[in-house]
Amino acid sequence: MEQLTLPIVGVLVLIVGAVIGYIARQLLVSKRAGTIEQKIANQLSQAEKEKEKLVDKAKDEAKQLLEKAKSEEDERRQAVLKSEQLLLKRESILEERLLEQETSKTEFKKKVSRLGEIEKEIGEKREDVVKALEKTSGLTKEEAKEEIIKQVEVQSEQDIQVRIRKLEADAEDRYSRRAKEIVAYAIQKTAVPQAQEITTSTVILPSEDLKGKIIGKEGRNIRSLERLAGVEIVVDETPETVVISGFDPLRRHIAKVALERLIKDGRIHPARVEEEVEKVKAEVEIQTKEAGEATVYDLGIVGLDPKLIQLLGRLKFRTSFGQNVLLHSVEVAYLASALAAEMGADISVAKKAGLFHDIGKALDHEIEGSHVDIGMKVLEKFGVEKEVVDAMKSHHEDYPYESVEAILVQAADAISASRPGARKDTLENYLKRIGELETLASSFEGVEKAYAIQAGREIRVFVTPEKIDDAASQQLARDIAKRIEEELKYPGEIKVTLIRENRFVEHAR
């Protein structure tokens, strides 16, 4: 029995505990639900209050915006009213100005009409005056005009001639002085020595016996040397002297050096002559190359073809009227570049054109044609700039000048060639040039006498005063100078001085 009671009691206890727990839980839940409802109610109340605040705030802001919009609208209305008033005022002013312009236009038309009437009246009165003058003077209008012009011409001719002479003298003096300054400055910067050479070279022999060795058996030695070097060797009666003749200075130089070495060595026979000539030719090739390289280095020119430099070096053994062509070319390059610097031209083009203006003379013994045409072909072949070719081709006036540099090269060439001591000229050529100059000047009508003075640098022309007046004298001097430029060839320039004088002789008895 006790064993059955214990489990029953336990079950009852559990059931009672479960009931108590359920009741407690329900109480706790109902308590919590009351608390949440209270919170929700509080939050709803607070939300209502905030809503009312926001609504009031929005109403205030809307009211402020409305008031502001009204204020801005009033301001804009006032501005529009002011603009309308201003436009009305401007329209009124424009209308007044238009009325004034119309009035002025009407008055102007009246004045123009009146001026036309006055002009017509003046024209009629002028015609009346002219008719009266014609009637009084017995001359028509055209005749009177011609008479007045003649009188004015006669009165003004002397004044015009004096003024023309003064202007020409001033201009000539000013430009001559400036030109001399430029040329003098350019020449001052140039210091190139000149070598005077002729067409023969002389070899001094240690003894007279060597002439037989040089000639050789049946003339074999001398013929071999002449054939290999391309020169003529003269063994005459001049003691201890052999003359080498030839127009090519390079060949003469080769022959002279080879002969001097043969004389020094003592062995002179055809095979030895050939060996020595070939050796000298090889050395001369090296010398020409070195001479060309030294020249372009001194002038500061770079970028040239080595073969062109070799040709330039050959000019060291070339002469023109006794003037060494390489030294002449260097001098022309210096002068042309200095003149270009003074004139504001291209210095590089002027320098190159001056250096290569006679490059054709290095080949004119081998190629037909003038040295100018040969030089142009050479420079074009080696890719030299076209500006340089155009500047060098006009130095003898065979081609028209195409640039300032061309004129400067021609001037530099003339300065270098015609300055005292630069070149040699024979007496025959000198007398011929002087005679041609005097003959040309004497061929003009009215010329009484003509004399060339200052070694042909000036021609003085005396005219007959009865045939040539002062005005015609100036023109005659220009015509003579122009004829000299066109028909004669001469170095430098020739001054034409024309003299017209009247002599009145009376005898007191």
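Only one entry of 468, 480, 453, 434 meets the criterion of being assigned by TED's automatic domain parsing to the domain that holds residue 494 and within 37 Å of the chain's Cα centre (by Cα), and that entry is 480.
Residue by residue through the stretch 312-329, note down the ones that are in contact (Cβ under 8 Å) with a residue 60 or more places away in the chain and under 29 Å from the mean Cα position of the chain (by Cα).
Correct list: 327, 328.
Based on what the data block shows, is residue 412 crowded, with 16+ Cβ neighbours inside 10 Å and at pLDDT below 85? Criteria met by residue 412.
Considering the conditions (1) part of a strand (DSSP E or B); (2) closer than 22 Å to residue 354 by Cα, residue 244 is excluded by exactly one of them, (2). For residue 399, the criteria (1) farther than 16 Å from residue 303 by Cα; (2) part of a helix (DSSP H, G or I) hold in every case but one, which is (2).
Criterion first (part of a loop (DSSP other than H, G, I, E, B), modelled with pLDDT under 80 and closer than 25 Å to residue 323 by Cα) does residue 193 satisfy it? Spelling it out, residue 193 is indeed part of a loop (DSSP other than H, G, I, E, B), modelled with pLDDT under 80 and closer than 25 Å to residue 323 by Cα.
Restricting attention to the stretch 389-400, the residues that are crowded, with 17+ Cβ neighbours inside 10 Å and not small (Gly, Ala, Ser) total 5.
If I ask for residues that are in a loop (DSSP other than H, G, I, E, B) and among the aromatic types (Phe, Trp, Tyr), which ones from the stretch 355-390 would you list? Spell out the reasoning first.
Looking only at the stretch 355-390, we keep the residues that are in a loop (DSSP other than H, G, I, E, B), and these are 357-358, 363-370, 382-385.
382, the sole residue that qualifies.
Please verify whether the stretch 484-498 includes one or more residues that are assigned to a helix (DSSP H, G or I) and either among the aliphatic types (A, V, I, L, M) or in the same structural domain as residue 413 (by TED's automatic domain parsing) (or both). Yes, the conditions are met somewhere in the stretch 484-498.
Any idea which of 36, 23, 15 is part of a helix (DSSP H, G or I) and exposed (fewer than 10 other Cβ atoms within 10 Å of the Cβ)? Please lay out each step first, then the result.
Numbers: 23 fails: exposed (fewer than 10 other Cβ atoms within 10 Å of the Cβ); 15 fails: exposed (fewer than 10 other Cβ atoms within 10 Å of the Cβ).
36 is the lone residue from the list that is part of a helix (DSSP H, G or I) and exposed (fewer than 10 other Cβ atoms within 10 Å of the Cβ).
Evaluating residue 447 against the criteria (1) modelled with pLDDT of 80 or more; (2) exposed (fewer than 13 other Cβ atoms within 10 Å of the Cβ) leaves one unmet condition, (2).
Considering the stretch 217-241, the residues that are acidic (Asp, Glu) and in a helix (DSSP H, G or I) include one that is surrounded by the most Cβ atoms within 10 Å (Cβ to Cβ), namely 226. Kindly indicate whether any position in the stretch 373-381 is at pLDDT 85 or above and closer than 18 Å to residue 293 by Cα. The answer is yes, given that some residue of the stretch 373-381 is at pLDDT 85 or above and closer than 18 Å to residue 293 by Cα.
From 231, 243, 277, grab the single residue that is at pLDDT 85 or above, in the same structural domain as residue 319 (by TED's automatic domain parsing), among the aliphatic types (A, V, I, L, M) and within 23 Å of residue 315 (Cα to Cα). Let's see the steps before the verdict.
On the way: 231 fails: at pLDDT 85 or above; 243 fails: at pLDDT 85 or above.
The match here is 277.
Counting the residues of the stretch 468-509 that are more than 19 Å from residue 440 (Cα to Cα) and touching a Gly at 6+ places or on another chain (Cβ under 8 Å) gives 0. If we scan the stretch 339-354, do we find a residue that is part of a helix (DSSP H, G or I), of a type in the set (Lys, Arg), closer than 22 Å to residue 291 by Cβ and in the same structural domain as residue 283 (by TED's automatic domain parsing)? Yes: one or more hits.
Quick one: which residue in 301, 286 is closer than 28 Å to residue 375 by Cβ and part of a loop (DSSP other than H, G, I, E, B)? Step through it out loud before you land on a result.
Numbers: 286 fails: part of a loop (DSSP other than H, G, I, E, B).
On inspection, the qualifying residue turns out to be 301.
Within the stretch 470-484, which residues are of a type outside the set (A, V, I, L, M, F, W, C) and at pLDDT below 85?
Filtering the stretch 470-484 down to residues of a type outside the set (A, V, I, L, M, F, W, C) leaves 470, 473-475, 478-479, 482-483.
The one that is of a type outside the set (A, V, I, L, M, F, W, C) and at pLDDT below 85: 470.
The values are calculated or read from the model by the stated rules, or taken from the named source; none is laboratory data. Source: prediction; values computed, not measured. Note that we place each Cβ from the backbone using ideal geometry, even for glycine, and neighbour counts take in every protein chain shown.
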